[in-house]
1. Looking at the structure I just gave you, is Gly120 exposed (fewer than 14 other Cβ atoms within 10 Å of the Cβ), of a type outside the set (D, E, K, R) and over 26 Å from the mean Cα position of the chain (by Cα)?
2. Collect the residues in segment 177-213 that are among the hydroxyl-bearing types (Ser, Thr, Tyr) and in a helix (DSSP H, G or I), keeping them in residue-number order.
3. Could you list, in sequence order, all residues of segment 100-130 that are assigned to a loop (DSSP other than H, G, I, E, B) and closer than 28 Å to Gln62 by Cα?
4. Kindly evaluate Ala137 against the criterion of being within 30 Å of Val236 (Cβ to Cβ) and part of a loop (DSSP other than H, G, I, E, B).
5. Quick check on segment 67-91: of everything there that is small (Gly, Ala, Ser) and exposed (fewer than 11 other Cβ atoms within 10 Å of the Cβ), which residue is nearest to Val109 (Cα to Cα)?
6. If you go through segment 220-231, how many residues are surrounded by 14 or more Cβ atoms within 10 Å (Cβ to Cβ) and not in a strand (DSSP E or B)?
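The values are calculated or read from the model by the stated rules, or taken from the named source; none is laboratory data. Since the structure is predicted, the reported quantities are computational estimates derived from the model, not experimental observations. Neighbour counts are summed over all protein chains in view; Cβ atoms, including those assigned to glycine, are modelled from backbone coordinates with ideal geometry.
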Amino acid sequence: MNIKSLTLLLLLGALTTTAQAERIKDLASITGVRSNQLVGYGIVVGLNGTGDKVKSGDFTSQSLRSMLTQLGVKLPTSVQIKSKNIAAVMISASLPPFAVAGQNLNITVNAIGEASSLRGGTLLMSPLKGADGQVYAIAQGNLIVGGLSASGNDGSKVSVNIPTVGNVPNGATVEREVYSPFNEGSSLTLNLHTFDFTTANRLAMSINKAIGPQTSRTINGGSIKVNMPRDPSQRVAFMSLLENLEVQPAQSAARIIINSRTGTVVINSQVKVRAAAVSHGNLTVTISENLNVSQPGAFSDGETVVTPQSDITITEEDKRMFVFNPGVSLDEIVRAVNQVGAGPSDLVAILEALKGAGALTAELIVI
């Protein structure tokens, strides 16, 4: 090999490595730095007759009575609320890490009663609670509903998307901050999104090479401990440097993902097949029913009789056998299967048969 060819190979290798490298922020998350889910219950008003069918004693009626009582309006128990312009809803939101009081959040509102549409409604002030039962935000605002429904007097109905779900951009205001251990201690822990010993080792080595020896060490195949500056004012700059370091993740394990509902089959590039011969054919059985009518003679006392007759036809498609050589790649597998005209369901059957025969070492995952 001459110098020119060797240089070209080294350049191609460097380009391949750079293309496969990923930032630490895309590979791992920080322990304790995460979002928190919030949920609440509220009432949407202002609907154009598309709200709940309010009945005496149901939760929508009780909620409206309770709200009116808090506002100083006391309704006698004998008064029945029959409004169709209100709806009971559940509210959900995600509280991001480091959220502070006064920050706005997007919320999603879902009808839980018999409301047919939330279009045009307004969510009244509702508390949003976390898993600990504490109120972390207050929600209120006008709903944006992408769905649409229409019905006729004859009972016909047309719906486009989901009219009982709406969003309120910046519809909640944070009232309580969530504790974060980011500024405490002398270290933090990075957790890989995908457990892998090789990737964890490479990530720790990349940090030690860029920042200094003994800066990080692996705890296991999914966690890396990193020493942090003791001065809290320096931690943001340190994390900015850390999360933009590039690491070449390890090649994933050989996996085949099968979606049983849609027939989608995904095979990664690590899948290999040992030597095997495959023959896959479709056997079709067709049964048709015919009715034969038997007429009696013109002057006989017989009766007309109808007798069924079944015709059974069996056809088998002409499928060729194909051979997999040892170490066959993904491209060769797909090409061989396409040559025999196998569809997604046929491909699943072939892969399961190869797995059972011991010619396929990949992990089959059915979702």
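1. On the way: exposed (fewer than 14 other Cβ atoms within 10 Å of the Cβ): no; of a type outside the set (D, E, K, R): yes; over 26 Å from the mean Cα position of the chain (by Cα): yes.
No.
2. Just the residues of segment 177-213 that are among the hydroxyl-bearing types (Ser, Thr, Tyr), to begin with: 179-180, 186-187, 189, 194, 198-199, 206.
If the condition is that a residue be among the hydroxyl-bearing types (Ser, Thr, Tyr) and in a helix (DSSP H, G or I), then Thr198, Thr199, Ser206 are the ones that fit.
3. Once the filter is applied, which keeps residues that are assigned to a loop (DSSP other than H, G, I, E, B) and closer than 28 Å to Gln62 by Cα, segment 100-130 yields Ile112, Gly113, Glu114, Ala115, Ser116, Ser117, Leu118, Arg119, Gly120, Gly121, Gly130.
4. Judged against the criteria, Ala137 is not a match.
5. Ranking the candidates gives Gly72 first.
6. 3
So that you can scan it fast, the table gives a plain yes or no per residue for (1) more than 16 Å from Lys25 (Cα to Cα); (2) at pLDDT 90 or above; (3) not polar (S, T, N, Q):
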site	(1), (2), (3)
Ser151	yes, no, no
Gly166	yes, yes, yes
Ser186	yes, no, no
Leu190	no, yes, yes
His193	no, yes, yes
Thr198	yes, yes, no
Ala204	no, yes, yes
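Rundown of residues vs (1) touching a residue at least 12 places away in the same chain (Cβ under 8 Å); (2) within 17 Å of Ala139 (Cβ to Cβ); (3) basic (Lys, Arg); (4) not in a loop (DSSP other than H, G, I, E, B), yes/no style:
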position: Ser63; (1), (2), (3), (4): yes, yes, no, yes
position: Leu68; (1), (2), (3), (4): no, no, no, yes
position: Thr77; (1), (2), (3), (4): no, no, no, no
position: Phe98; (1), (2), (3), (4): yes, no, no, no
